[in-house]
1. Suppose a student asked you for the relative contact order of region 251-364, using Cα pairs under 8 Å spaced at least 6 residues apart; what percent would you report?
2. Taking the Cα centre of the chain as origin, work out the dipole magnitude from +1 charges on Lys and Arg Cβ and -1 charges on Asp and Glu Cβ, in debye rounded to 20.
3. If you take Kirkwood radius over Cα pairs in Å from the coordinates, which of (1) 22.3; (2) 22.8; (3) 20.6 do you get?
4. Once all Cα-Cα distances of region 206-379 are split into 10 Å bins that start at 0, what whole-number percent is in each one?
5. Given 25 °C and 0.890 mPa s, compute D for region 59-127 with the Stokes-Einstein relation, Rh being the Kirkwood radius over Cα pairs; round to the nearest whole µm²/s.
6. Which is farthest toward the positive dipole end of the chain among G55, A240, I155, measuring Cα position about the Cα centre, with Cβ charges +1 (Lys, Arg) and -1 (Asp, Glu)?
7. Region 257-296 to region 196-219: how many Å between their Cα centroids?
8. Within the chain, which whole H helices from DSSP have a Cα span along their axis of at least 24 Å and a mean Kyte-Doolittle hydropathy of 0.0 or more, if any?
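Since every read-out is calculated from the coordinates, none of them should be taken as a lab result. Just so you know, these numbers come straight off a predicted model, no measurement behind them. FYI the Cβ positions are ideal-geometry reconstructions off the backbone, even for glycines, and counts take in every protein chain you see.
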Amino acid sequence: MKKIIAFLLALTIFVAMTACSAPEEVSTGSVTVTDMIGRQVTVTPGSYKKVVCIGAGALRMYSYIGDVSLLCGVEDIDNTALAERPQMFDSVARPYVLAYGDEFSKLPSCGVGGPMAQAAEAEKILSCGPDIVISEFEDVEKSDALQQQLGVPVITLRGSKSVFDKPFSGSMELLGKIFQREEKAARLVKFIGEEKAAIEARVANIPEADKPSVYICGLGNWGTTNHLTTGEKYVSFEIAGVKNVVSGLGMEGIGPIEEEKFVELGEKMDMIIMDAAAVKNIKPLYAEDKTMFDTCKAWQEGEVYLEMAYNAYYTNYEISLINTWFIAKTVYPEVFADIDMTAKTNEVTKEFLGVELAEEIFACPSSFGGYGKLDIATFFNR
């Protein structure tokens, strides 16, 4: 009898100790992270099995680092199998959709998404049953409220207009930590840094007198750009050592210049690089007024080139990097003679998304066949 009592007493103590230790085991796996808008959120790295991404660019950035098979819902804009959904970006290359569109099409809706749906849809998110939400709605109060409503961590990333900006690398590192993919995140950030350094090294010693003056147009948001939309401090130009025609205008960020200023600067434009996003707006404008480029030296000499649309439901970060190589090669062809744009596109998309996508990117209707020099006589008159 004493042996039984002793056994039961020992068992009771063991159970009590186990029960007391359980919360400590959970808490040791949890950490507090600061998301990209300064919110402190407690997470358990590597524990998440059901992920939802909401807001412009969130799913794209998650696709670079996270496991797509963990997604339990997707915004309608990224599910190309749906008939009723925002379709304004369907003709333009979004590499993450090209890479993982089949997987996205099998998932339930976590919201409409897109430029016209700038709010989280809590009920739809809840119906997907996520255990974590990756968001690109950069509002502290709304993010806190959504997290309280959902009862799961809401991690807000921060988008950027360029792959070289710190918000992007910070978002990659944050995703790496949360999903225990630190090595993958570090490798991607390192790759981008090495690509940037490689371009800068090639152009470092080019004399200023040998640099043509270049005008970039079509920058900004998809659907709102044209030949007047440009940027004085376009990051890709700065890295590629390009002399920017609009330098010195005092522009803040990306935006339109006045028509009169465009006409005035025309004679200084040795080259024009046009983002593919602008073509759908420039073509009808040119059809109405065939004289709109008459003052542009580059237009008259046929020095007009097409880069891929870098902004479609926020920034295509891999395209931003590839565009920088294309700009450098276009402006300094001898220095970058060994760079093949198809091979470079495949190299970059492989690093970002694990698959070579040059063929698919160039085949998208609004890619117009890919990088290259435009045959003005046929391209803008067909």
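1. Rounded, it is 20 percent for region 251-364.
2. 1280 debye
3. Correct label is (2).
4. Calculated over all Cα pairs of region 206-379, the distribution is 10, 41, 37, 12, 1 percent.
5. It diffuses with D of about 199 µm²/s by this estimate.
6. After comparing all options, I get I155.
7. 21 Å
8. Result, helices passing both filters: 2-29.
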